[in-house]
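Below: the structure, in structure tokens.
The values are calculated or read from the model by the stated rules, or taken from the named source; none is laboratory data. As the structure is a computational prediction, the values presented were derived from the model and not from experiment. Methodologically, a virtual Cβ is constructed for each residue, glycine included, from the backbone with ideal geometry; neighbour enumeration extends over all protein chains shown. Areas reflect the complete protein model, heavy atoms only, side chains present, ligands, DNA and RNA absent. Shrake-Rupley method; radii C 1.70, N 1.55, O 1.52, S 1.80 Å.
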Number of protein chains: 2
Amino acid sequence: MATPANLPHPTRADLDLPSVLFALSDPERLDIVRQLRSGPLDMADCSLRVPDMPKSTKSHLMKVLREAGVIRNEANGRGRRLTLRSEDLEARFPGLLPAVLDAPAQ
Amino acid sequence: MATPANLPHPTRADLDLPSVLFALSDPERLDIVRQLRSGPLDMADCSLRVPDMPKSTKSHLMKVLREAGVIRNEANGRGRRLTLRSEDLEARFPGLLPAVLDAPAQ
DNA sequence: AGGTTGGTTCGAAAAATATCGAATCAATAG
DNA sequence: CTATTGATTCGATATTTTTCGAACCAACCT
């Protein structure tokens, strides 16, 4: 129940389309991904729609995105640095991420 | 508990990205969508991975795809005609469907 | 008319996800 | 060193989704 320095991430080759689509199919998670489009973000700076969301819930959202290979989650000082895995996603599923991100916001 | 001649379908403007992504996030449903890429298909001719799937389960898969606006499901003689709503999806989420369909099969 | 085929709907049970408090840890601040 | 901050994990509960039999219906036979 610690805060491991590095969490497991799937390799590019292991990216699975249904898992990626599922991770992106939640408005809250999609919103996080949209925020990461312009570049990496400290998890603490990543704003949620639900402002008073418990941190365990927030952590779980990140876990789904990370395990699907959508984001990278690395230790960074006291917090966490989140990065959108654009290149890996583009290599494996060309055009998918741009199409999702360019879609009209709900 | 009847077999209504026409089922409700969302309009193009009502298409919701998370719902569409969710509908596509299941391997079985994605497989159905792939089969519809080349054109409409009678539901009976639509082959499933699980060959002995109960018809109520199969019907439920179609319901999720239909309610998300991914496919159209119309009465056709004794059976049902399934059509991929490519144009509506392309108009609302440009590039999304091609990206999903062109992605390497899992 | 009666039987068969193809498919939807309901309802209940099973499985998967989400939510969130508590415990825990690591890095930093004081 | 001690306290605070930022975040993961566990465990339990709540919610959502899936599965599937039963009932039902409409179209097509014979």
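Within this structure, A:ARG12 fails the test of being away from DNA strand D (no atom under 14 Å from the Cβ) and modelled with pLDDT under 95.
Where helices (runs of 4 or more DSSP H) sit wholly within chain B, those with at least 1 residues that are touching a Gly at 6+ places or on another chain (Cβ under 6 Å) and within 14 Å of chain A (Cβ to nearest Cβ) occupy B:96-102.
Filtering segment B:45-57 down to residues that are touching a residue at least 12 places away in the same chain (Cβ under 8 Å) and more than 12 Å from DNA strand D (Cβ to nearest atom), which residue is nearest to B:THR83 (Cα to Cα)? So, considering only residues that are touching a residue at least 12 places away in the same chain (Cβ under 8 Å) and more than 12 Å from DNA strand D (Cβ to nearest atom), the one nearest to B:THR83 (Cα to Cα) is B:CYS46. Taking each residue of segment A:17-43 that is open to solvent by 10 Å² or more (accessible area, probe 1.4 Å) and looking for partners that are assigned to a helix (DSSP H, G or I) and acidic (Asp, Glu) with beta-carbon atoms closer than 9 Å, six or more apart or interchain, yields A:SER19/A:GLU67; A:GLN35/A:ASP45.
The number of residues in segment A:59-83 being in contact with an Asp or Glu (Cβ under 9 Å, 6 or more places away or on another chain), within 10 Å of DNA strand C (Cβ to nearest atom) and within 20 Å of A:ALA23 (Cβ to Cβ) comes to 2. Against the condition open to solvent by 30 Å² or more (accessible area, probe 1.4 Å) and at negative phi, how does A:PRO54 come out, does it pass? Yes: the conditions hold for A:PRO54.
Confirm whether A:ARG81 is at pLDDT 95 or above and crowded, with 19+ Cβ neighbours inside 10 Å. In short, no.
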